[in-house]
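Below is one structure, written out as structure tokens; comments come after it.
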């Protein structure tokens, strides 16, 4: 088998495994959920087969998210589909990671503004599912910790790593774009998909520069943590617009967007200087 064929098959295999884990965990936990509600095993299987399980249950969805992420992390690490190495962290890239955090914070308002201007709406079922997960005591573990690590291991440590082996450094942007596109498509709705594609370009660029998923995990963690915090401390924003965050003031919203770019652009510049493959963060 040629190198090209092997890389392509590996990429397809990673995505199939990622989706299969979610499907199998959803099925098994749905059956378990039905049994816990007093149904017999046969009744639970029939209910799942006919789609009669309430998948909007926060406890069920949080459990599915936690278990599927854990299985993904363990499998991809144990089988070295996403190699786990310490060389990047051993280079003590703490200043770079601070800039990653700032970059993430700088993208939040512009990203929301773009989604609103493009009139992209997350499906109500998806919105309800995320809110149900975040309302659970272990919702943060699912959304803020495990999901970022699992997704970075699959889409950057697995998929993008193989694509970069295929394209080489001369065409690295092609690999980054493809991985970001797959990342967006697998969010399964247009609103999240567009956002995930754009964020995926940044995550892919950071992985290419460092050969590590650590910057991407940090970015992903901050992004999801902010969403979790907003849900709990500003619940009125769940169905609101960006301008509502600024009490209806267009001037304040514009100032907020300007300030975001004042964080975002210097962060990009600093990361372009600092992100290196396992090198010491001297700057």
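Using 0.36 nm times the number of residues separating residue 125 and residue 277, minus their current alpha carbon distance, what extension gain do you get?
Values: separation 152, 0.36 × 152 = 54.72 nm, distance 4.08 nm.
Contour length minus the Cα-Cα distance gives 50.6 nm.
Shape class of the stretch 140-283 from the Cα gyration tensor (axes a ≥ b ≥ c, square roots of the eigenvalues): prolate, since a/c reaches 1.5 or more and a/b is larger than b/c. Between residue 114 and residue 35, residue separation times 0.36 nm minus the direct Cα-Cα distance comes to 24.0 nm.
Peptides 166-173, 136-143 ranked from most to least packed give 136-143, 166-173, packing being the mean of other C-beta atoms within 10 angstrom over each peptide's residues. Once you order the gyration tensor axes a ≥ b ≥ c over the Cα atoms, which shape class does the stretch 54-96 get: rounded for a/c under 1.5, otherwise prolate or oblate by comparing a/b with b/c? Verdict is oblate for the stretch 54-96.
Can you give the extra length, in nm with one decimal, that the chain gains between residue 177 and residue 92 once fully stretched, where that is 0.36 nm per residue apart less the Cα-Cα distance?
Between residue 177 and residue 92, full extension yields 27.7 nm more.
Rounded to the nearest 0.05, what FRET efficiency do residue 13 and residue 188 have when you use their Cβ-Cβ distance and R0 = 25 Å? Efficiency, from the Cβ-Cβ distance: 0.80.
With the Cα gyration tensor of the chain giving a ≥ b ≥ c as the square roots of its eigenvalues, does the rule (a/c under 1.5 for rounded; else a/b larger than b/c for prolate; else oblate) give rounded, prolate or oblate? Verdict is oblate for the chain.
Readers should treat all values here as calculations from the given coordinates under stated rules, not as data from a laboratory. Everything quoted here is computed from the prediction, not taken from an experiment. We place every Cβ from the backbone using ideal geometry, glycine too, and count neighbours over all the protein chains shown.
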